[in-house]
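Report on one structure; see the data block that follows.
The values are calculated or read from the model by the stated rules, or taken from the named source; none is laboratory data. All values reported here derive from a predicted model rather than from experimental measurement. Every residue, glycine as well, gets a Cβ built from its backbone with ideal geometry; the counts of neighbours run over all protein chains shown.
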Amino acid sequence: MKRYLIVLGVLLSVGCAPVPVEVDVIFPREENFLFTDFGQLLIYDVDPETGRSDCPVLLEQVRSDIGSPILSTDRTPICEFRAGGVNFGDVPPGPHAYVVIATDDADNALLTGCSIAEAYEGAPPVEIRLFPTADYTDATSRRPPLTCGSANDKCSGGCR
């Protein structure tokens, strides 16, 4: 399994200094990373009482309108996630669902993942394991064979 680190610059509204929060995005296999072109990180508020059940609901509804995230990146090249180039300047206090959606260039959601975490100074990295969506096999089987064999090749020179 490959781990890709996203470092979120986080400023809690209760503090006055940035609190770095590390987010590890874990792809099942390197091949899964190679088929993806873009990623999006979304952060949702969760109910502190029932927050653990929000991830399955959010992931199940990833194709429909799943409500408004409190923070969201644009559709970002997947290699920027690997290089730690995805960040936010301010995350409100409290528990949140961190959702990652990895898509191909046709905007097919290939992989999704979610984790519940709270940002605070000294917090452990938020680990988000990605899993193939129901459309993964169909979407990747219609593509031409990959022209690069590693994440380093993809991110240094591109592939397809």
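At a glance:
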| item | result |
| --- | --- |
| Output for region 118-129, where each listed residue is free of Cβ contacts under 8 Å to residues at least 60 places away in the same chain and buried (at least 18 other Cβ atoms within 10 Å of the Cβ) | none |
| Hits in region 128-154 - residues which are assigned to a helix (DSSP H, G or I) and in contact with an Asp or Glu (Cβ under 9 Å, 6 or more places away or on another chain) | ALA139, THR140, ALA151 |
| Cβ pairs under 6 Å, 6+ apart, first in region 39-54 and within 26 Å of ARG75 (Cα to Cα) and of a type outside the set (S, T, N, Q), second modelled with pLDDT of 85 or more and part of a helix (DSSP H, G or I) | GLY39/ILE78 |
| Selection from region 88-109 of residues that are among the aromatic types (Phe, Trp, Tyr) and modelled with pLDDT of 70 or more | TYR98 |
| Search result, residues across region 111-128 that are farther than 14 Å from LEU58 by Cβ and either among the hydroxyl-bearing types (Ser, Thr, Tyr) or within 12 Å of the chain's Cα centre (by Cα) (or both) | LEU111, TYR120, VAL126, GLU127 |
| Residue, modelled with the highest pLDDT, within region 33-87, restricted to residues that are β-branched (Val, Ile, Thr) and in a helix (DSSP H, G or I) | ILE78 |
| Residue selected from region 108-127 under the condition among the β-branched types (Val, Ile, Thr) and out of contact with any Phe, Trp or Tyr (no Cβ under 6 Å at 6 or more places or on another chain), by the criterion nearest to ILE78 (Cα to Cα) | THR112 |
